[in-house]
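These notes concern the structure reproduced below.
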Amino acid sequence: MQIDARPYAYALPERPPALVIIDMQRDFVEPGGFGDALGNDVGRLQACVPVIARLLATARRLGMPVIHTREAHRPDLSDCPSSKRLRGDCRLRIGDAGPMGRLLVDGEPGNAIIEALAPAPGEVELVKPGKGAFYATPLQEILQQLGVSHLLFTGVTTEVCVQTTMREANDRGYSCLLVEDGTESYFPEFKQATLDMITAQGGIVGWTATCAAVCTGLERAYG
């Protein structure tokens with residue numbers, strides 16, 4: 001009932017953990033979206049897609065809760081502070097029209113989760129207006145209803161929305177593990193720094209492990 005992890009083994013509870021997939025939406029991982037508008041090489045994020053797909057298939061087979069998040073704002077942008085919308089020197093901003101519709105606006109084509117990781121019936125799809133998935137969302141209530149105490153994190157980007165949500169969860173008492181090859185950043189050095197920060201000081205924020213180790217541990221515990 002454990003996963004081979006850093007900085008030491010991650011103990012699994014009797015009830016399976018929830019798989020949390022952060023912001024695997026077209027706006028971040030495909031050309032023409034918000035990530036591209038910021039000047040990033042969105043191709044860097046593609047590496048984690050097959051890894052998350054494997055984890056997702058394992059979670060579904062084992063009956064684990066699955067939570068997908070999307071960073072999105074209302075069409076009138078009433079939940080997008082000007083300090084967020086106007087920050088940076090980019091050619092398109094939140095709410096502006098791009099090749100896949102208005103950037104980071106709920107309901108636009110570019111805001112949808114990529115087809116390879118599309119939510120299945122019964123899985124939670126959570127819209128969040130901030131970087132952390134607990135801010136201005138019912139995530140805490142959802143997790144309490146599910147009765148889970150452990151969370152496995154994947155998604156993009158490692159140092160921003162993934163780490164922010166993991167830290168929020170840690171502060172709320174959840175035991176958190178980040179899947180090392182199931183997350184990516186536009187900046188590889190930022191990803192590595194985040195993995196190191198999470199596991200420092202005896203796992204001050206949580207644990208990290210490879211997809212292979214996670215799937216092995218889950219199958220042994222719940223398969």
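The values are calculated or read from the model by the stated rules, or taken from the named source; none is laboratory data. Small disclaimer: the values here were computed from a predicted structure and weren't measured. Cβ placement follows ideal geometry from the backbone for every residue including glycine, while neighbour counts extend to all protein chains displayed. The protein model used for the area step is the full one, side chains on, heavy atoms only, and it has no ligands, DNA or RNA in it. Shrake-Rupley method; radii C 1.70, N 1.55, O 1.52, S 1.80 Å.
Within the chain, the whole DSSP H helices whose Cα atoms reach 18 Å or more along their own axis and whose mean Kyte-Doolittle score is at least -1.0 are 49-62, 188-203.
Estimated at 0.36 nm per residue, the fully extended path between Asp96 and Gln140 surpasses their Cα-Cα distance by 12.7 nm.
Using C-alpha pairs below 8 Å separated by at least 6 residues, the relative contact order for the range 72-223 is 14 percent. Among Arg54, Arg87, Arg220, the sequence by solvent-accessible area, most first, with a 1.4 Å probe is Arg220, Arg87, Arg54. Counting only DSSP beta bridges with both residues in the range 57-168, what percent are antiparallel, rounded to the nearest 5? Around 25 percent antiparallel, to the nearest 5.
If Lys131, Lys191 are ordered by their accessible area, calculated over protein heavy atoms with a 1.4 Å probe, which sequence runs from highest to lowest?
My answer, sorted largest first, is Lys131, Lys191.
Heavy-atom accessible surface of Ser175, to the nearest 10 Å², is about 30 Å², with a 1.4 Å probe and all protein chains retained.
To the nearest 0.05, what FRET efficiency results for Arg15 and Asp106 with a Förster distance of 25 Å applied to their C-beta separation? Write down the numbers at each step before the final one.
Details: r = 32 Å, r/R0 = 1.26.
That gives a FRET efficiency of 0.20.
If His150, His68 are ordered by their accessible area, calculated over protein heavy atoms with a 1.4 Å probe, which sequence runs from highest to lowest? All intermediate terms of the calculation are to be shown ahead of the outcome.
Values: His150 25, His68 0 Å².
So the residues, ranked largest to smallest area, are His150, His68.
Taking all C-alpha pairs of the chain, those more than 22 Å from each other amount to 48 percent.
Taken about its Cα centre, the chain carries a charge dipole of about 180 debye when Lys and Arg each add +1 at the Cβ and Asp and Glu each add -1 at the Cβ. Computed from phi, the 3J(HN,Hα) profile of the range 112-126 under the Karplus parametrisation 6.51, -1.76, 1.60 (θ = phi - 60°) reads 6, 5, 4, 4, 5, 10, 4, x, 9, x, x, 8, 7, 10, 10 Hz, with x in place of Gly and Pro. Counting Lys and Arg as +1 and Asp and Glu as -1, what is the net charge of the other residues whose Cβ lies under 13 Å from the Cβ of Leu62? Result for the local shell: +4. Relative to one another, the C-alpha centroids of the range 1-80 and the range 91-116 are positioned 18 Å apart. Extending 7 Å from the Cα toward the beta-carbon at both Ile204 and Glu125 defines two label points whose distance is 3.8 nm. Within the full protein context, the accessible area of Val49 is estimated at about 20 Å² for a probe radius of 1.4 Å.
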